[in-house]
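As structure tokens, the structure follows; a few thoughts come after it.
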Number of protein chains: 2
Amino acid sequence: MSTIDPNPPSGTRDFLPDEVARRERAFATIRETFQRHGFEPLDTPAFERLEVLTGKYGEEGDQLIFKILRRGEHEATGEADHALRYDLTVPLARVAARYGSQLPTPFKRYQIAPVWRADRPGKGRYREFFQCDVDTIGSDSPLADAATIVAVADVLDRLGLSGFRVQLNHRRALAGLIEAYGVPASLESSTLTALDKLDKIGPDGVAAELTEREIPHAAVRALTEDLAADDLEAVVRERLAGTERGRLGLEELDRVLELIGTVPGGQVGYAPVLARGLSYYTGTVFEVVHEGLEATIAAGGRYDGLIGMFQGQDVPATGGSLGLERILLLLERAETEARTHIGPEVLVTVLDDEAGPDALAIAGRLREHGLRAEPYVGGGSRKLGKQLRYADRRGVRAAVIRGAEERATGRVAVKDLASGEQVTVDDAELTAHLDRLLGS
Amino acid sequence: MSTIDPNPPSGTRDFLPDEVARRERAFATIRETFQRHGFEPLDTPAFERLEVLTGKYGEEGDQLIFKILRRGEHEATGEADHALRYDLTVPLARVAARYGSQLPTPFKRYQIAPVWRADRPGKGRYREFFQCDVDTIGSDSPLADAATIVAVADVLDRLGLSGFRVQLNHRRALAGLIEAYGVPASLESSTLTALDKLDKIGPDGVAAELTEREIPHAAVRALTEDLAADDLEAVVRERLAGTERGRLGLEELDRVLELIGTVPGGQVGYAPVLARGLSYYTGTVFEVVHEGLEATIAAGGRYDGLIGMFQGQDVPATGGSLGLERILLLLERAETEARTHIGPEVLVTVLDDEAGPDALAIAGRLREHGLRAEPYVGGGSRKLGKQLRYADRRGVRAAVIRGAEERATGRVAVKDLASGEQVTVDDAELTAHLDRLLGS
């Protein structure tokens with residue numbers, strides 16, 4: 001027995017109380033904000049039938065799926081029939097196929113839930129992590145794109161993460177741009193992959209990668225020149241005016257930008273070469289970068305081809321995903337001062353064997369009054385010092401102390417654990433005294 | 001593609017928005033109440049290393065564990081290395097072993113989380129279901145037992161499930177009782193199994209089962225006579241006075257009963273033959289029966305041998321578990337009238353192509369004011385009727401309607417979707433008008 005490793009599985013985490021409290025508080029803000037924007041929650045099983053998931057995430061993704069062994073007499077086959085959820089999009093597509101007519105159109109949902117990927121665990125990379133998706137299914141209107149982005153920005157602002165930048169682009173504008181440079185259509189996605197790295201490797205790095213990917217020399221030169229321009233946006237807008245796709249894409253993008261207007265806590269702008277890796281985007285794409293972190297904390301876009309996968313048809317859809325683990329990390333940093341505390345505020349000490357019922361009753365009265373309060377339930381020791389140390393350990397603010405004498409006289413001592421000050425008051429004054437002490 | 005079954009896996013469920021809302025609301029009440037009682041949340045991974053789970057649930061339980069296939073080059077072996085969480089107690093025992101000194105003693109935690117069991121799915125029996133456990137580790141005091149039961153009763157009361165009965169017994173009292181009837185110690189657990197069925201099969205059924213289990217004839221006769229007694233409790237108390245174990249068990253039980261006193265919303269009492277199936281209980285055992293349902297909605301007890309399983313030592317522990325799925329079912333029945341609604345309260349219609357920015361801005365203002373509000377983001381149709389039908393479908397209370405003329409004159413029409421009444425007001429009066437209409 002004692003040889004069993006008590007650590008959680010590699011790549012997963014146990015969350016102790018303070019950590020759960022911080023996460024739950026962020027989740028509550030996210031839920032409430034999305035609901036204010038008219039998005040409703042959806043929940044799906046942790047695992048899906050294997051056939052629902054396989055083939056949806058590319059060859060590399062398929063290998064990262066946690067598969068569940070068949071059971072009973074079939075276990076010996078070594079075959080899997082189910083698999084853990086890998087993202088929240090495929091389950092949403094399944095739900096759209098299953099409940100289509102029962103759902104309103106457009107269907108606006110958010111989902112905050114863990115997903116599992118058998119990635120090599122590393123710093124900040126987990127095998128079990130939470131995703132938070134917000135999507136609108138069944139609308140091809142730029143209003144749906146704009147409303148998603150406004151909701152995501154509002155969530156970030158309400159979480160206290162001001163100082164973010166929402167960067168927008170449009171897949172058709174990108175395609176038009178590449179066409180304008182004279183890159184053949186067959187090399188479009190290869191060019192996008194290189195362009196998407198601009199932030200990481202700079203203009204020279206992009207030029208080198210484009211050459212390596214056998215993009216025509218003239219195109220690479222024109223592109224590199226543009227990337228070095230003082231006003232990249234103006235240069236790109238001029239290029240886009242030269243192609244039909246470019247014009248149309250830019251028109252829709254400008255429409256979305258106009259609809260969004262300004263957002264509190266952040267800035268919104270056109271990012272001419274932003275591509276977003278995922279190939280399934282079909283229209284507007286966006287990412288949100290946090291200035292302090294210089295990392296993407298949210299991203300999304302329009303993906304009209306994906307949701308209808310189980311229905312065998314295209315269903316327009318637009319959405320976004322919060323980088324929840326990164327966001328929680330940012331919140332944790334900001335919170336080192338003001339720690340979330342959800343442990344008891346008041347501990348009622350138990351100093352002798354007769355004190356039990358009295359302590360339970362006092363704790364009950366304090367809870368009635370709205371406080372988080374508990375009797376000391378440790379066995380054995382009836383020593384005050386030990387109970388006060390326990391109170392301190394739990395982050396308790398005040399200890400209610402009542403020995404035989406106080407019980408007999410209907411009085412009670414209250415110790416402020418921050419100042420160490422102790423005051424004896426009448427029973428009837430206890431809650432008022434604690435209210436003052438706790439500053440509520 | 002289109003041949004893939006869009007249903008969730010057998011034994012699992014998709015939760016659509018209204019259902020998620022109901023569940024989340026119950027979870028919030030449970031969390032808040034346990035926190036008021038000084039219990040803190042813990043979260044552990046959905047899966048554990050296989051060795052952590054195997055051998056903990058008996059042979060039958062082991063077969064119901066969902067095992068996860070090894071990955072990559074090891075997938076072909078058909079072997080499993082991880083398994084989905086089967087309950088919340090074994091992960092708690094692992095956490096106690098891993099973080100022992102970092103946790104306060106006693107450690108009081110609750111956990112609300114899904115568990116997975118490969119049971120044959122049936123009516124009300126799921127393969128993925130939520131458990132809600134509350135436990136106190138590291139205290140052998142009856143205060144800890146009493147505080148757990150008070151917290152569980154408070155949760156049920158705050159959920160609105162009044163009319164419940166908390167039934168208590170003590171494993172040592174039961175052992176003493178069986179000894180008092182002259183049943184050999186070797187037949188103790190067999191006798192308990194039969195006794196535990198009293199509610200289901202009645203005194204005659206229990207007698208038949210005892211005989212079948214080769215309990216001595218004299219003992220069966222005495223037991224059957226007692227079970228038929230008008231005052232079973234008095235008869236049993238008299239029997240228990242005759243054995244050392246019986247006296248001690250009853251003493252501790254009476255102490256817990258005294259500490260609990262009365263609980264709001266329910267009754268508390270001694271249940272002389274209550275055994276609770278699980279063999280790991282070592283002291284107080286309890287179950288909570290709801291009168292309307294005549295089913296157990298919560299249960300628990302002291303189990304001093306289990307939590308130390310990974311430390312190779314006994315750690316005193318007491319706790320309880322809410323029958324969450326049954327409780328949710330009871331709440332659903334009670335709620336058919338007052339449905340939980342978390343969809344938008346206000347829909348801002350979009351009647352022409354120019355209305356977009358205006359509609360987004362109005363929805364933003366209404367959210368600032370604290371309302372759940374959204375613009376209509378459906379593509380294509382700009383028809384009012386369609387948008388009002390959508391509002392109705394979403395459970396929206398009021399539609400904000402603004403055509404070109406209202407925009408030009410700074411006025412806005414508000415339609416009460418319950419009464420059908422429509423009023424035009426100045427922009428500046430919109431929020432006050434909606435407050436009146438929504439009765440907030």
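Test B:PHE130 against the criterion of being in contact with a strand residue (DSSP E or B) (Cβ under 6 Å, 6 or more places away or on another chain) and within 9 Å of chain A (Cβ to nearest Cβ), and give yes or no. So B:PHE130 does not fit the description; no.
Taken together, B:ASP62, B:ASP5 contain a single residue that is within 24 Å of the chain's Cα centre (by Cα), among the charged types (D, E, K, R) and not assigned by TED's automatic domain parsing to the domain that holds B:ALA113, which is B:ASP62. Screening the stretch B:105-159 for residues that are of a type in the set (Ser, Thr, Tyr) and in contact (Cβ under 8 Å) with a residue 24 or more places away in the chain and picking the one that is nearest to B:PRO91 (Cα to Cα) gives B:TYR110.
Matching residues to (1) more than 7 Å from chain B (Cβ to nearest Cβ); (2) surrounded by fewer than 21 Cβ atoms within 10 Å (Cβ to Cβ); (3) at pLDDT 95 or above:
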site: A:THR3; (1), (2), (3): yes, yes, no
site: A:ASN7; (1), (2), (3): no, yes, yes
site: A:GLY11; (1), (2), (3): yes, yes, yes
site: A:PHE15; (1), (2), (3): no, yes, yes
site: A:ASP18; (1), (2), (3): yes, yes, no
site: A:ARG22; (1), (2), (3): yes, yes, no
site: A:PHE34; (1), (2), (3): yes, no, yes
site: A:LEU42; (1), (2), (3): no, no, yes
site: A:PRO45; (1), (2), (3): no, no, yes
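Does B:ASP135 qualify as being within 14 Å of chain A (Cβ to nearest Cβ) and touching a Leu at 6+ places or on another chain (Cβ under 8 Å)? Can you show your working first?
Values: within 14 Å of chain A (Cβ to nearest Cβ): yes; touching a Leu at 6+ places or on another chain (Cβ under 8 Å): yes.
Considered against the rule, which asks whether it is within 14 Å of chain A (Cβ to nearest Cβ) and touching a Leu at 6+ places or on another chain (Cβ under 8 Å), B:ASP135 comes out as yes.
Quick one: which of B:LEU437, B:LEU384, B:LEU388 is touching a residue at least 24 places away in the same chain (Cβ under 8 Å) and within 24 Å of B:GLU368 (Cβ to Cβ)? Step through it out loud before you land on a result.
Values: B:LEU384 fails: within 24 Å of B:GLU368 (Cβ to Cβ); B:LEU388 fails: within 24 Å of B:GLU368 (Cβ to Cβ).
Every option except B:LEU437 fails the conditions.
Of the residues contained in the stretch B:357-367, none is found to be surrounded by fewer than 21 Cβ atoms within 10 Å (Cβ to Cβ) and more than 24 Å from A:ASP154 (Cβ to Cβ).
Could you say whether any residue in the stretch B:343-351 is within 24 Å of A:LEU42 (Cα to Cα), polar (S, T, N, Q) and either at pLDDT 90 or above or not assigned by TED's automatic domain parsing to the domain that holds B:ASP416 (or both)? Lay out the reasoning, then the answer.
Filtering the stretch B:343-351 for residues within 24 Å of A:LEU42 (Cα to Cα) gives B:343-348.
Those left that are additionally polar (S, T, N, Q): none.
No, the conditions are met nowhere in the stretch B:343-351.
Out of the residues in the stretch B:294-333 meeting the condition of being of a type in the set (S, T, N, Q) and in contact (Cβ under 8 Å) with a residue 40 or more places away in the chain, tell me which one is surrounded by the fewest Cβ atoms within 10 Å (Cβ to Cβ). Ranking the qualifying residues of the stretch B:294-333, first place goes to B:GLN311. Summed over the stretch A:364-419, the residues that are among the small types (Gly, Ala, Ser), more than 8 Å from chain B (Cβ to nearest Cβ) and on the phi < 0 side of the Ramachandran plot give a count of 11.
Quickly run through the stretch B:59-75 and pick out the residues that are more than 7 Å from chain A (Cβ to nearest Cβ), of a type in the set (D, E, K, R) and buried (at least 17 other Cβ atoms within 10 Å of the Cβ).
Keep residues of the stretch B:59-75 that are more than 7 Å from chain A (Cβ to nearest Cβ), which gives B:59-62, B:64-65, B:70, B:73-75.
Keeping just the survivors that are of a type in the set (D, E, K, R) gives B:59-60, B:62, B:70, B:73, B:75.
Within the stretch B:59-75, B:ARG70 is the sole residue that qualifies.
Being of a type in the set (Phe, Trp, Tyr) and part of a helix (DSSP H, G or I) is not true of B:TYR86.
If the requirement is being at pLDDT below 95 and closer than 22 Å to A:LEU259 by Cβ, which of these qualifies: B:LEU438, B:LEU430, B:LEU384? Show your work before the answer.
Values: B:LEU438 fails: closer than 22 Å to A:LEU259 by Cβ; B:LEU430 fails: at pLDDT below 95.
Of B:LEU438, B:LEU430, B:LEU384, the one residue that is at pLDDT below 95 and closer than 22 Å to A:LEU259 by Cβ is B:LEU384.
Rundown of residues vs (1) within 24 Å of A:ALA241 (Cβ to Cβ); (2) assigned to a helix (DSSP H, G or I); (3) β-branched (Val, Ile, Thr); (4) within 14 Å of chain B (Cβ to nearest Cβ), yes/no style:
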position	(1), (2), (3), (4)
A:ALA151	no, yes, no, yes
A:VAL155	no, yes, yes, yes
A:ASN169	yes, no, no, no
A:ALA175	yes, yes, no, no
A:GLY182	yes, no, no, no
A:SER186	no, yes, no, no
A:THR191	yes, yes, yes, no
A:LYS200	no, yes, no, no
A:GLY205	no, yes, no, no
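Of all the numbered requirements in (1) surrounded by 16 or more Cβ atoms within 10 Å (Cβ to Cβ); (2) of a type outside the set (S, T, N, Q); (3) more than 30 Å from B:THR262 (Cβ to Cβ); (4) in contact (Cβ under 8 Å) with a residue 40 or more places away in the chain, A:ILE342 misses one, and that requirement is (3).
Entry remark, the stretch A:28-60: residues being without any contact (Cβ under 8 Å) to a residue 40 or more places away in the chain, of a type in the set (Gly, Ala, Ser) and closer than 30 Å to A:ALA146 by Cα number 2 in total. Determine whether the stretch B:198-205 contains at least one residue that is modelled with pLDDT of 90 or more and of a type outside the set (Lys, Arg). So far as the stretch B:198-205 goes, yes, one or more of its residues are modelled with pLDDT of 90 or more and of a type outside the set (Lys, Arg).
Suppose we filter A:VAL134, A:VAL155 for residues that are among the β-branched types (Val, Ile, Thr), surrounded by 15 or more Cβ atoms within 10 Å (Cβ to Cβ), over 24 Å from A:THR282 (Cα atoms) and modelled with pLDDT of 90 or more; which single one remains?
On the way: A:VAL134 fails: over 24 Å from A:THR282 (Cα atoms).
That would be A:VAL155, the only listed residue that is among the β-branched types (Val, Ile, Thr), surrounded by 15 or more Cβ atoms within 10 Å (Cβ to Cβ), over 24 Å from A:THR282 (Cα atoms) and modelled with pLDDT of 90 or more.
Report whether or not A:ASP119 is surrounded by fewer than 18 Cβ atoms within 10 Å (Cβ to Cβ), more than 7 Å from chain B (Cβ to nearest Cβ), closer than 21 Å to A:MET309 by Cβ and acidic (Asp, Glu). No: the conditions fail for A:ASP119. Within the stretch A:249-293, the set of residues being among the aliphatic types (A, V, I, L, M) and loosely packed, with under 14 Cβ neighbours inside 10 Å comprises just one member, A:LEU278. Every condition in (1) at pLDDT 95 or above; (2) surrounded by fewer than 13 Cβ atoms within 10 Å (Cβ to Cβ); (3) closer than 24 Å to B:LEU16 by Cα is met by B:ARG389 except one, and the failing one is (1).
Do we find that B:PHE27 is under 28 Å from A:PRO9 (Cα atoms) and surrounded by fewer than 24 Cβ atoms within 10 Å (Cβ to Cβ) in this structure? Give the derivation first.
Details: under 28 Å from A:PRO9 (Cα atoms): yes; surrounded by fewer than 24 Cβ atoms within 10 Å (Cβ to Cβ): yes.
The answer is yes for B:PHE27.
Considering only the stretch B:2-19, state which residues are without any contact (Cβ under 8 Å) to a residue 24 or more places away in the chain, among the polar types (S, T, N, Q) and closer than 15 Å to A:ALA83 by Cα. Hit for the stretch B:2-19 is B:ASN7, nothing else. Considering (1) farther than 19 Å from A:GLU48 by Cβ; (2) assigned to a loop (DSSP other than H, G, I, E, B); (3) within 9 Å of chain A (Cβ to nearest Cβ); (4) not hydroxyl-bearing (Ser, Thr, Tyr), the lone condition that B:LYS56 does not fulfil carries the number (3).
The values are calculated or read from the model by the stated rules, or taken from the named source; none is laboratory data. Just so it is clear, the structure is predicted and the values come from calculations on it, not from any experiment. For neighbour counting, all protein chains shown are included, and Cβ atoms are generated from backbone atoms with ideal geometry for every residue, glycine included.
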